[in-house]
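J.: Take a look at the following structure, please.
Bear in mind that the values in this text are calculations on the coordinates, not laboratory data. This structure is a prediction, so every number in the text was calculated from the model and none was measured. Here the Cβ positions follow ideal geometry from the backbone for every residue, glycine too, while neighbour counts run over all protein chains shown.
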Amino acid sequence: MAASQDTIEKAEALGESYKHGFVTEIESEFAPKGLNEDIVRYISARKNEPEWMLDWRLRAYRRWCEMEEPQWAKVDFPQIDYQDAYYYAAPKGYDDRPKSLDEVDPELLETYEKLGIPLAEQAMLAGVAVDAVFDSVSVVTTFKDKLEEVGVIFCSISEAVQEHPELVRKYLGSVVPYSDNFHATLNSAVFSDGTFVYVPEGVRCPMELSTYFRINAQHTGQFERTLIIADKGSYVSYLEGCTAPMRDENQLHAAVVELVVLDDAEIKYSTVQNWYPGDKEGRGGIYNFVTKRGACRGRNSKISWTQVETGSAVTWKYPSCILQGDNSVGEFFSIAITNNRQQADTGTKMIHLGRNTKSRIIAKGISAGHSQSTYRGLVSVHPKAEGARNHTQCDSLLIGDECGAHTVPYIEVKNPSAQIEHEATTSKLSEEQLFYCRQRGLDAEAAVALLVNGFCKEVLQKLPMEFAVEAQKLVGVSLEGSVG
Amino acid sequence: MSEVMLKIENLHVTAEGTEILRGINLEVGAGEVHAIMGPNGAGKSTLSNVLSGRPGYEITAGSISYFGEDLAALEPEERAAKGIFLGFQYPVEIPGVAAMSFLKTAINAQRKLRGEEELDARGVMTLVQGEAKKLNIGADMLKRSINVGFSGGEKKRNEILQMAVLQPKLAILDETDSGLDVDALKLVGEGVTALRAPDRAMIVITHYQRLLDYIVPDFVHVLAKGRIVRSGGAELARELDQLGYGDLAKVPAA
Ligand SMILES: Nc1ncnc2c1ncn2[C@@H]1O[C@H](COP(=O)(O)OP(=O)(O)O)[C@@H](O)[C@H]1O
Ligand SMILES: [Mg+2]
């Protein structure tokens, strides 16, 4: 089904008049501003999607029209005008994707370099396969051959819709249904691109898979969709990094990530989120409303979420595990840093359905400036989850007197054999510690970085090596100006 | 007297509106060890805090010059890079930061401030392990979070290790002997003595004579109620040990 002629014409007109990119000088193609069924059809048509995909998007769109934005999170921001944004932007000419790095626009590679991701070198050196997403279209995928050898599929979700429709149809929306929540439903209607991974039975993925998402075009919401399936007895570690350039206005980022893990398989999913947080007064910055959920469907399956959240003006994010399979394990290791006027409401949900399921939560929240940080977590043990166990540890560190840290743990236990432990601490970065470090030669900023890294150590250790170093630096950078 | 390193003149210091130091005069030359003794609350820790630049104190009169430079104008980390080291009376715990990596950060922070090249991980390791051995500090202690769960003796030995590694020009040791048993006292005392050098001065703050059995001072000063009320040689410390501070505190400043 094609988008209406009118919409296509409008889009083309826009593409013509749009001579220069904002930060990177690459021409973009936009769908006209706003959201309606035609836009959904337009996105789908641009991607040559099969009818089932368009139907799914439309069902989501119609559902979304009836939904209201959730208000329960402890975050405060002006009403978002969903009609005042573009829902599709693609660097021009990338419908025919480059086959190798040589074919990639050098301007684009330079942008990645500025972000500290020299695609060519870093990928080679680190042995990381990078699927870079530039605006809404996946630009280049490296190391594909090596992965194909062992049967691992690692491609953009648009490509997967074309090449592996049976897998996408089977699993897309099976963890986060299109009707799940306001932001996930919006994503289901308009998702532009994202990553697809399938690890076949018995395969240990030979390298860390990594995606760098990037918002580049102005007024463009970013709606990635990630779907990772670990078949029986397989293992994959996936790294997601995000960053965005400085802008005065707020931009919406509403991603959905779905993980499916079958018998004896494991997915380790790590995120370093560094979206633009806004300036000191709270102008600009990303609204990060993300739905991340994994299903441990098989026996002895395992999902491990590790996140370092330092960016975004407003974060609303609860990577969760549905522990269906007996003996399955869910883990959530989190560092959330807020500074200046940032607000973060983040945590996890561990839903224990199977027998002897285990979950472990370590959440470290650091608040500085006038920021607000909330840990919101749910541990739910269903009647059949005999022998379920959870251990939760929530530590908050406050820097200065004007910030806030809040802990909101929900615990629902419907099986008497469950063992649930919850520990929470709140402390202030002490003057004593600061002076001790400074007396030894560290300036105030280096001292804060050192102390906060120490506070987060348990979680930082969970990150893959390539990310741990970057994350440690980020911890320092994001707290600049928080003391002195 | 050898080259004057530190010169304190008529130093008056208040904290939260209360005057704590009331006119301190002290000159410390390179290679000298000065002991400062005095009753609790005399202002000994205040003096060491002011010298190292701890926030929260106000110098209301007088001056501190260090190699001819006005010390009060420098940030604590600048003072550290210029060779001022404070061995803390109560070393603080830093969870999640191993003693070894703390030292690496500190060494390189100081080097950077001095415009020197950074030391690589192996260089730091060799340096630290060498000094640690002399103080009977094992590799496992260097891996533990700094001061977290350390015994009193371990904390103080760790302070001396930092001093040994950072090679200061002026070391101020604030009650390094408090909370130490006889064996630890000997280890620390000998460790400090080994660090005496012609280009290094030390201010050793202590309550008791016993540390001075190991670190024999060149000068002993008695601090009471924010003033140095008596100065002398090593024999003054022994005298105090027998007589106590009671009478001295009454003696008006010269
Ligand atoms: N920050 C401060 N604010 C107020 N009073 C202080 C402060 N620091 C020290 N004092 C007071 O100053 C006096 C000297 O303290 P201190 O220098 O710790 O003595 P000492 O180390 O000789 O035992 C004490 O009476 C103490 O209570
Ligand atoms: Mg004291």
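J.: Angle between the Cα long axis of helix B:182-194 and the longest principal axis of chain B, 0 to 90 degrees, nearest 10?
T.: 90
J.: I would also like to ask the following. Can you tell me the length gained on complete extension of the stretch B:Y214 to B:S231, counting 0.36 nm per residue apart and subtracting the Cα distance?
T.: Once the chain is fully extended between B:Y214 and B:S231, it gains 4.1 nm.
J.: Find how many whole Å separate the alpha carbon centroid of segment B:140-169 from the alpha carbon centroid of segment A:302-332.
T.: 38
J.: Partner chain Cβ atoms within 10 Å, averaged over the residues of B:87-96 - can you pull that number for me?
T.: 5
J.: Of all trypsin sites (Lys or Arg not before Pro) in segment A:320-395, which ones are in loop regions per DSSP and have a Cβ with at most 15 other Cβ atoms within 10 Å?
T.: Qualifying residues, ordered by number: A:K384.
J.: On to the next question. What is the sum of charges, Lys and Arg at +1 and Asp and Glu at -1, for the other residues whose Cβ falls under 13 Å from the Cβ of B:I228?
T.: Net local charge, B:I228 excluded: +3.
J.: Please report how far the C-alpha centroid of segment A:367-409 lies from that of segment B:75-113, rounded to the nearest whole angstrom.
T.: Cα centres, segment A:367-409 to segment B:75-113: 33 Å.
J.: Sticking with this structure for a sec: Summing -39500 (n - 2.57) over the DSSP H runs of n ≥ 4 in chain B and dividing by its residue number, what mean residue ellipticity at 222 nm do you reach, to the nearest 500 deg cm²/dmol?
T.: Computed ellipticity for chain B at 222 nm equals -10500 deg cm²/dmol.
J.: At 7 Å along the Cα-to-beta-carbon direction for both B:E116 and B:Y90, put a label point, then send me their distance in nm to one decimal.
T.: Distance between label points: 3.3 nm.
J.: Can you tally the net charge around A:L398? Count Lys and Arg as +1, Asp and Glu as -1, for every other residue whose Cβ sits under 14 Å from the Cβ of A:L398.
T.: -2
J.: In debye, nearest 20, what is the charge dipole magnitude of segment B:4-249 about its Cα centre with +1 on Lys and Arg Cβ and -1 on Asp and Glu Cβ, if you could check?
T.: 380
J.: Does anything in segment A:403-439 have its amide N under 11 Å from the 7 Å Cα→Cβ label point of A:L378, and if so which residues?
T.: Counting backbone N atoms under 11 Å from the label point, the list is A:410-412.
J.: Once the piece of chain linking A:V483 and A:V150 is laid out straight, how much longer is it, given 0.36 nm per residue of separation minus the C-alpha distance between them?
T.: Taking A:V483 through A:V150 to full extension adds about 114.8 nm, to one decimal.
J.: Where is the GNM fluctuation largest for chain B (alpha-carbon springs, 10 angstrom cutoff): B:L161, B:L119, B:L135?
T.: B:L119
J.: Tell me which trypsin sites (Lys or Arg not before Pro) from segment B:77-133 have a DSSP coil assignment and no more than 14 other beta carbons within 10 Å of their own.
T.: Loop-located and lightly packed - B:R114.
J.: Of B:L21, B:L212, B:A98, which is farthest along the charge dipole of segment B:4-249 in the positive direction, counting Lys and Arg as +1 and Asp and Glu as -1 at C-beta?
T.: Farthest along the dipole direction, towards plus: B:A98.
J.: Also, I was wondering about something else. Please report the antiparallel percentage of the DSSP beta bridges confined to segment B:4-249, to the nearest 5.
T.: Roughly 60 percent of the DSSP beta bridges within segment B:4-249 come out antiparallel.
J.: In addition: Pop out the ³J(HN,Hα) list for segment A:182-197 in order, Karplus 6.51 cos²θ - 1.76 cosθ + 1.60 with θ = phi - 60°, rounded to Hz; leave Gly and Pro as x.
T.: 3, 6, 5, 5, 4, 4, 4, 6, 10, 3, 9, 6, x, 10, 10, 9
J.: Considering amide H positions built from the backbone, and no H for Pro or chain starts, which residues 5 or more places from A:L378, or on another chain, come under 5 Å of its amide H?
T.: So A:L378 has HN proximity to A:T348, A:K349, A:M350, A:Y410.
J.: If you take the beta carbon distance between A:E423 and A:E69 as r and set R0 to 35 Å, what does 1/(1 + (r/R0)^6) give as a FRET efficiency, to the nearest 0.05?
T.: 0.55
J.: Okay, next question. Provide the FRET efficiency to the nearest 0.05 for the B:A197-A:E458 pair, computing r from the beta carbons and using R0 = 60 Å.
T.: Computed FRET efficiency for B:A197 and A:E458 comes out at 0.90.
J.: Of B:V222, B:G149, B:G41, which is farthest along the charge dipole of segment B:4-249 in the positive direction, counting Lys and Arg as +1 and Asp and Glu as -1 at C-beta?
T.: Result: B:G149.
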